[in-house]
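Nothing in this text is a laboratory measurement; each read-out follows from the coordinates by a stated rule. Bear in mind the structure is a predicted one, so any value in this text is a computation, not a measurement. Because the Cβ atoms are built from the backbone with ideal geometry, glycine has one as well, and the counts that use them run over all protein chains shown.
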Amino acid sequence: MSAVSRLLIDRTATPIGELIVVADEDGALRAIDWTDHEDRLHRLLRLHHPGGYELRLSRDPGGFTRAMDAYFAGELAVIDRLPVRTGGTPFQRAVWAALRGIPCGGTVSYRELAVLAGRPAAVRAAGHANGANPVGIVVPCHRVIGSDGTLTGYGGGMERKRWLLAHEGAFRPDRPFGLFH
């Protein structure tokens with residue numbers, strides 16, 4: 001049986017809602033989600049910590065709260081340097097690694113994500129792995145869009161996705177229908 005994971009939790013206000021930051025005691029980011037989706041955060045933590053987990057309130061664990069505040073203040077590259085540790089299947093981890101390779105201000109389609117993850121025919125599986133990402137924003141699942149350039153689902157809601165992409169410079173209001181490519 002796996003040991004209980006001891007995790008540190010903090011919350012911070014952002015322009016698009018309160019964000020929950022979860023880190024481990026070794027200094028790795030384990031989860032990020034919005035407070036209005038806290039149930040999903042706990043579901044993902046249970047999946048990634050089969051021995052169970054304990055959350056302890058901690059001010060700015062691992063410097064992650066401060067880093068997220070900096071990201072929302074416009075220091076976009078700060079998320080590229082954050083250490084992340086997740087569970088997941090080998091394919092999920094490949095998708096999440098591919099997501100981290102999408103440059104800030106860039107977007108990819110689900111088909112392109114599947115190619116980047118090494119399984120070009122696994123478009124639907126890449127979409128599911130994208131949706132199971134426990135470290136949104138830092139592992140930037142919001143940078144995945146439809147193959148026609150339109151916005152597609154985002155666990156935090158479409159308005160947040162639109163805001164994050166605009167914040168990163170990916171949104172192009174001069175393009176018809178809000179296309180991003």
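Once each part is reduced to its C-alpha centroid, what is the distance from the stretch 77-105 to the stretch 112-130 in angstrom? Centre-to-centre distance over Cα atoms comes out at 14 Å. Relative contact order for the stretch 90-178: 30 percent, from Cα pairs under 8 Å spaced at least 6 residues apart, divided by residue count. Backbone phi angles across the stretch 68-79, fed through the Karplus curve with coefficients 6.51, -1.76 and 1.60 (θ = phi - 60°), yield HN-Hα couplings of 5, 4, 5, 4, 5, 7, x, 8, 5, 5, 4, 6 Hz in residue order; Gly and Pro are listed as x.
Volume per residue for the stretch 57-143 equals 92 cubic angstrom (convex hull of Cα atoms).
Taking one quarter of the surface of the C-alpha convex hull of the stretch 5-81 gives a mean projected area of 4.9 nm². Counting only alpha carbon atoms, the long axis of helix 158-167 and the longest principal axis of the chain meet at about 80°.
Helix 90-100 and the longest principal axis of the Cα set of the chain meet at an angle near 60°. In terms of packing, defined here as the mean over residues of other Cβ atoms within 10 angstrom, the peptides 102-114, 81-93, 46-58 line up highest first as 102-114, 81-93, 46-58.
In the chain, the longest principal axis of the Cα atoms and the axis of helix 38-48 are about 70 degrees apart. Across the stretch 54-61, coupling constants 3J(HN,Hα) worked out from phi with the 6.51/-1.76/1.60 Karplus curve, θ = phi - 60°, read 10, 9, 10, 4, 8, 6, 6, x Hz, and Gly and Pro carry x. Read phi for every residue in the stretch 136-143 and hand back ³J(HN,Hα) as whole Hz from Karplus 6.51 cos²θ - 1.76 cosθ + 1.60, θ = phi - 60°, with x for Gly and Pro. Here the 3J(HN,Hα) series is x, 6, 5, 9, x, 5, 5, 7 Hz. Helical content alone sets the calculated 222 nm signal of the chain at -9000 deg cm²/dmol, taking -39,500 (n - 2.57) per DSSP H segment of four or more residues and averaging over every residue. With both residues required to sit in the chain, DSSP beta bridges show an antiparallel share near 60%.
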